[in-house]
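Colleague: Have a look at this one.
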Amino acid sequence: MIPTTSRFLRLLAFSLLALAGWTRAAMAQLEPPSTGGIVALEQELHMLGHNKRVLVIGAHPDDEDTELLTLLGRGMGAEAAYLSLNRGEGGQNLIGPELGEGLGLIRTEELLAARRLDGARQFFTRAYDFGFSKTLAETWRFWPRDSVLKDVVRIVREFRPQIIVSIFSGTPRDGHGQHQAAGWAAREAFRVAGDSNAFRDLAGEGLSPWSPTKLYQSTRFDSAATTLTLDGGQLDEVVGQSYHQIAMRGRSMHKSQDMGQLQRMGPSVVRMRVIEDRSRSVGDGLFSGIDTTIATEFPMLAGAVPAIDSAKASTSLTEIRRHLDAATPTVNQFCLRSTGSGFCDHFSNAVAIAHGLVFDAVADHDRVVAGDTLTVSISAWNGSDSAQQVDFQITTPGSFIPVSGDHNNRIPGRAVASWVVKILLPGNAELATPYFLRRPRRSAMYQWGPSDPRGEPFEEALLRAGFDGSGFSISREVVYRRNDQARGEVRMPITVVPRVDVKLDPANEVWSTDPGAHDFTVTLTHGSRDSTSGSVTLEVPAGWPAVTGQRFVFDTGDERQTIHFSIRPPAGLPRGKYDIRAVATDARGNRYDQGVFTVDYPHIRPRSWTRSSVATINVAPLDMARLGRVGYIRGAADRVPEALRSVGVPIELLDRTALERGDLSRFDAIVVGSRAYETDSALVENNGRLLEYARNGGLVIVQYQQQVFFNGHFAP
């Protein structure tokens, strides 16, 4: 074997990164199997032999200091995490139509895409982003203050950081009321997380009090207050880019919020100020005064540290294996007793990578119905010269699925071993919905169940394959793969869907008290691979004319049928809220009234959630202005034109031709949609015509825009 010297590793690393990324990226992005190569190995080794943990706290997904997180994880080998109070449901969407909960799923996945680059963990509270608030008091009207603080304390006690970094100050200087709430919660959690009298019920979750040592605040909004600077412009020799450049790649994952960034070379400074320091340190470094030796918190590992350190300093892959194998018995004992320590994951990954072990698990279908049988192909590739013993199992959240048959799990060197197993899904398997969406919100707070992974981005995947051996325990999500002749291999998660998926459109409308006839569309999608027949109808409020059902027949999986209904409610409808429900009933009498929706974009993992097939109708006496014609320039994820049109406003959408050459004077008003200056280049190019229309007496209404609007001098 050719010795893989440290210099050779670095020369090879950058090209390998482009192919694979490190282990977390390859596994979490539903990509083909890979160890992650030399880049992944060096990063995992970099995380071993010490104990450093930092928690960064902000309000929204794009508040995080990506450069600090990258510098901590990739530069200092620290366990870093970002706690976002909410998932950004109240933002806009620059890449698609999703808003609210759907946008929250996109932004959660965008955070995870960024974390795959910087190596940090991700946490959340129960808070739902209800939109912009001007004061802290206004925010507390939507978010119970003690509930938010309890969730932050929960994460502090689980993650056990020595250092907390607050993005915000907790004062009106932060602007947005939710920013102020995040700053307040970070300071309060630092104060009370170690108090055994605070939130005593968290002990029932196995969380004991924990007192962080230092509290910092980011000064990126107030550089004059800086007391500590860190160099984010250092070159990561393994990757071939600076920590700042890697961080900007992560920042650019916030595509739904238009957050793309340039990857500048050279110096870059991360600025903070110390708020409180319990260490009484005389040094001014980030970890000054904090004992970061691993034996401080995990004394059992003290004996393994010399071997681990030797592995990191080794110049030969063979030597790295030898030192890791020497540390394995001690680490195995520790990991059997330990919970919540990232050390075990890093060591396990390092052992598997060093021994050239690659694992995969592929199912024969991606959309399944509860009670279905899946065929799962499990593969283990031993890329090293020596034989390896690998045991495996299939797991679902909270339980093991027994694997039948006898398997010879000793894999010779340079060989691939494969097994095929049949998995019977439980008949009560839940439809695809993240844990925080399974219960109705209370005001702007999600409700968590007792067995939910509280604060985690998502629950475990429906099916996972576990691979265990000497020194390693690796888990891979069971996925479906297919060949796309343009894109190559495409992988999709396993999603539990109803036998008959039911979606109703429109989902929300405002009607006058004399609404007349309204049309609805029901879309049915067949989830089962056998046949299903039945009828679908709309269930309307009492006193409304009944709706005649219509038949449907499906013979194969993924068939789709669209059915149209017209409803004419009684005249003189009292003001209030009314529900209309689409219900499909099969030949056996089973009712279906839910639809599964999926967010799927190239930069994130697909994520599905389930919504009831209910349309909410708000009836009110409408006294509309008499308008002849209103022009509308659509913005980001903008459904306002349809809403205005449904209540009688004569809307005409303005395209490029209308903006360039159309007669704008014929409109009573022109409305510019939210963030349209970012999404519609024709609006930017023809803004002068819009201003001329206003100067001549026309009414222009401009909804929310970002900096490009103000900095680009598009306003009068």
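The values are calculated or read from the model by the stated rules, or taken from the named source; none is laboratory data. Remember, predicted model here, so these are calculated numbers, not experimental data. All Cβ positions, even for glycine, are placed from backbone atoms using ideal geometry, and neighbour counts span all protein chains on display. These area figures cover heavy atoms from the full protein model, side chains too; ligands, DNA and RNA do not enter into them. Shrake-Rupley method; radii C 1.70, N 1.55, O 1.52, S 1.80 Å.
Colleague: Give the residue, chosen from 455, 466, that is small (Gly, Ala, Ser), assigned to a strand (DSSP E or B) and open to solvent by less than 50 Å² (accessible area, probe 1.4 Å). Don't jump to the end; show me each part of the working.
Modeller: Numbers: 455 fails: assigned to a strand (DSSP E or B).
Only one candidate qualifies: 466.
Colleague: Right, here's the next one. Name the residue, out of 357, 324, 301, 286, that is surrounded by 21 or more Cβ atoms within 10 Å (Cβ to Cβ), closer than 29 Å to residue 229 by Cα and not charged (D, E, K, R).
Modeller: Numbers: 357 fails: closer than 29 Å to residue 229 by Cα; 324 fails: closer than 29 Å to residue 229 by Cα; 301 fails: closer than 29 Å to residue 229 by Cα.
On inspection, the qualifying residue turns out to be 286.
Colleague: What single numbered condition from (1) open to solvent by 60 Å² or more (accessible area, probe 1.4 Å); (2) modelled with pLDDT under 90 fails to hold for residue 341?
Modeller: (1)
Colleague: Return the residues of segment 349-361 that are more than 21 Å from residue 479 (Cβ to Cβ), small (Gly, Ala, Ser) and assigned to a helix (DSSP H, G or I); say none if nothing qualifies.
Modeller: Correct list: 350, 354.
Colleague: Let me ask something else about it. Return the residue satisfying two criteria in turn: it lies in segment 533-558 and is assigned to a loop (DSSP other than H, G, I, E, B) and among the polar types (S, T, N, Q), and of such residues it is nearest to residue 610 (Cα to Cα). Show your work before the answer.
Modeller: First, the residues of segment 533-558 that are assigned to a loop (DSSP other than H, G, I, E, B): 540-549, 555-558.
From what's left, among the polar types (S, T, N, Q): 548, 556.
Numbers: 548: 26, 556: 22 Å.
Of everything passing the filter in segment 533-558, 556 is nearest to residue 610 (Cα to Cα).
Colleague: Filter segment 486-501 down to the residues that are more than 19 Å from the chain's Cα centre (by Cα) and over 13 Å from residue 597 (Cα atoms) and list them by number.
Modeller: 486, 487, 488, 489, 490, 499, 500
Colleague: From the list 641, 606, exactly one residue is closer than 15 Å to residue 702 by Cα, surrounded by 14 or more Cβ atoms within 10 Å (Cβ to Cβ), in contact with a Leu (Cβ under 9 Å, 6 or more places away or on another chain) and at pLDDT 95 or above. Which is it? If you could, list the steps in order and put the result at the bottom.
Modeller: Numbers: 606 fails: closer than 15 Å to residue 702 by Cα.
Testing whether each residue is closer than 15 Å to residue 702 by Cα, surrounded by 14 or more Cβ atoms within 10 Å (Cβ to Cβ), in contact with a Leu (Cβ under 9 Å, 6 or more places away or on another chain) and at pLDDT 95 or above leaves just 641.
Colleague: Just give me the residues in segment 400-412 being in a strand (DSSP E or B) and either modelled with pLDDT under 70 or under 12 Å from residue 465 (Cα atoms) (or both), in sequence order. Working first, answer last.
Modeller: Step one: of segment 400-412, the residues in a strand (DSSP E or B) are 400-401, 410-411.
Within segment 400-412, 400, 401 qualify.
Colleague: Where residues in segment 146-180 are open to solvent by less than 10 Å² (accessible area, probe 1.4 Å) and among the hydroxyl-bearing types (Ser, Thr, Tyr), which of them is nearest to residue 88 (Cα to Cα)?
Modeller: Among residues in segment 146-180 that are open to solvent by less than 10 Å² (accessible area, probe 1.4 Å) and among the hydroxyl-bearing types (Ser, Thr, Tyr), the one nearest to residue 88 (Cα to Cα) is 166.
Colleague: Filter segment 570-580 for residues that are at pLDDT 95 or above and crowded, with 16+ Cβ neighbours inside 10 Å and give the result.
Modeller: Selection gives 578, 580.
Colleague: Next question. Please give the number of the condition residue 690 fails out of (1) touching a Lys or Arg at 6+ places or on another chain (Cβ under 9 Å); (2) at pLDDT 95 or above; (3) open to solvent by less than 60 Å² (accessible area, probe 1.4 Å).
Modeller: Result: residue 690 passes all but (1).
Colleague: Taking helices (runs of 4 or more DSSP H) that do not extend beyond segment 605-716, which have at least 1 residues that are touching a strand residue (DSSP E or B) at 6+ places or on another chain (Cβ under 7 Å) and either aliphatic (A, V, I, L, M) or in contact (Cβ under 8 Å) with a residue 12 or more places away in the chain (or both)? Give the derivation first.
Modeller: Details: elements: 640-646, 656-661, 676-679, 681-685, 687-695, 707-711.
Ranges flagged: 640-646, 676-679, 681-685, 687-695.
Colleague: Among the residues of segment 117-135, what is the count of those that are open to solvent by 30 Å² or more (accessible area, probe 1.4 Å) and touching a strand residue (DSSP E or B) at 6+ places or on another chain (Cβ under 6 Å)?
Modeller: Going through segment 117-135 one residue at a time, the tally reaches 2.
Colleague: Can you run down the residue pairs with Cβ atoms below 9 Å, 6 or more apart or on separate chains, where the first is in segment 493-522 and within 17 Å of residue 577 (Cβ to Cβ) and in contact (Cβ under 8 Å) with a residue 40 or more places away in the chain and the partner is of a type in the set (Ser, Thr, Tyr) and in a loop (DSSP other than H, G, I, E, B)?
Modeller: From segment 493-522, the pairs are 504/613; 507/613.
Colleague: Follow-up question, since we're still on this one. Any residue at all in segment 268-278 that's farther than 27 Å from residue 88 by Cα, open to solvent by less than 40 Å² (accessible area, probe 1.4 Å) and of a type in the set (A, V, I, L, M)?
Modeller: Scanning segment 268-278 turns up no residue that is farther than 27 Å from residue 88 by Cα, open to solvent by less than 40 Å² (accessible area, probe 1.4 Å) and of a type in the set (A, V, I, L, M).
Colleague: Can you say whether residue 286 is modelled with pLDDT of 95 or more, under 18 Å from residue 65 (Cα atoms) and in a loop (DSSP other than H, G, I, E, B), as far as the supplied structure shows?
Modeller: Working: modelled with pLDDT of 95 or more: yes; under 18 Å from residue 65 (Cα atoms): yes; in a loop (DSSP other than H, G, I, E, B): yes.
When the stated conditions are applied, residue 286 passes them.
Colleague: Mind checking which residues of segment 307-331 are within 23 Å of residue 385 (Cβ to Cβ) and of a type in the set (S, T, N, Q)?
Modeller: Selection gives 310, 314, 315, 316, 318, 328.
Colleague: Another one. Any chance segment 199-208 includes a residue that's within 23 Å of residue 444 (Cβ to Cβ) and open to solvent by less than 10 Å² (accessible area, probe 1.4 Å)? Please lay out each step first, then the result.
Modeller: Keep residues of segment 199-208 that are within 23 Å of residue 444 (Cβ to Cβ), which gives 199, 201-202.
With open to solvent by less than 10 Å² (accessible area, probe 1.4 Å) added as a condition, the list becomes 202.
Within segment 199-208, one or more residues are within 23 Å of residue 444 (Cβ to Cβ) and open to solvent by less than 10 Å² (accessible area, probe 1.4 Å).
Colleague: What is the residue count in segment 360-375 for residues that are crowded, with 22+ Cβ neighbours inside 10 Å and either without any contact (Cβ under 8 Å) to a residue 12 or more places away in the chain or within 25 Å of residue 416 (Cβ to Cβ) (or both)?
Modeller: 1
Colleague: I've got another one for you. For residue 92, all conditions in the list (1) at pLDDT 95 or above; (2) surrounded by fewer than 24 Cβ atoms within 10 Å (Cβ to Cβ) hold save one; what is the number of the exception?
Modeller: (1)
Colleague: On to the next question. Starting from segment 135-156, take each residue that is closer than 16 Å to residue 177 by Cβ and free of Cβ contacts under 8 Å to residues at least 60 places away in the same chain and list its partners that are among the polar types (S, T, N, Q) and crowded, with 20+ Cβ neighbours inside 10 Å, counting only C-beta distances under 7 angstrom and pairs at least six apart or across chains.
Modeller: 136/180; 139/133; 139/178; 139/180
Colleague: Would you point out the residue of segment 590-601, among those that are of a type outside the set (S, T, N, Q), open to solvent by 20 Å² or more (accessible area, probe 1.4 Å) and in a strand (DSSP E or B), that is farthest from residue 617 (Cα to Cα)?
Modeller: Residues of segment 590-601 of a type outside the set (S, T, N, Q): 591-593, 595-597, 599-601.
Checking the rest, the ones that are also open to solvent by 20 Å² or more (accessible area, probe 1.4 Å) come to 591-593, 597, 600-601.
When the remaining residues are screened for being in a strand (DSSP E or B), the result is 591-592, 597.
Working: 591: 23, 592: 21, 597: 21 Å.
Residue satisfying both the conditions and the ranking: 591.
Colleague: Now, a different point. Looking only at segment 509-532, how many residues end up being in a strand (DSSP E or B) and surrounded by 13 or more Cβ atoms within 10 Å (Cβ to Cβ)?
Modeller: Going through segment 509-532, the residues in a strand (DSSP E or B) turn out to be 509-511, 518-526, 532.
Filter once more, so that each one left must be surrounded by 13 or more Cβ atoms within 10 Å (Cβ to Cβ): 509-511, 518, 520-526, 532.
The total comes to 12.
Colleague: How many residues are in contact (Cβ under 8 Å) with a residue 40 or more places away in the chain, out of contact with any Gly (no Cβ under 8 Å at 6 or more places or on another chain), on the phi < 0 side of the Ramachandran plot and not in a strand (DSSP E or B) if we restrict to segment 559-589? Outline the logic, then answer.
Modeller: Initially, segment 559-589 is screened for residues in contact (Cβ under 8 Å) with a residue 40 or more places away in the chain, giving 562-569, 571-578, 580-587.
Of the ones still in play, those that are also out of contact with any Gly (no Cβ under 8 Å at 6 or more places or on another chain) are 562-567, 569, 571-578, 580-583.
Checking which are on the phi < 0 side of the Ramachandran plot leaves us with 562-567, 569, 571, 573-575, 577-578, 580-583.
In the following step, the residues that additionally are not in a strand (DSSP E or B) were identified as 569, 571, 573-575.
Residues flagged as in contact (Cβ under 8 Å) with a residue 40 or more places away in the chain, out of contact with any Gly (no Cβ under 8 Å at 6 or more places or on another chain), on the phi < 0 side of the Ramachandran plot and not in a strand (DSSP E or B) within segment 559-589 amount to 5.
Colleague: Which of the residues belonging to segment 304-317 are in a loop (DSSP other than H, G, I, E, B) and open to solvent by 70 Å² or more (accessible area, probe 1.4 Å)?
Modeller: Restricting attention to segment 304-317, the residues satisfying the condition of being in a loop (DSSP other than H, G, I, E, B) are 314-316.
Once the filter is applied, which keeps residues that are in a loop (DSSP other than H, G, I, E, B) and open to solvent by 70 Å² or more (accessible area, probe 1.4 Å), segment 304-317 yields only 315.
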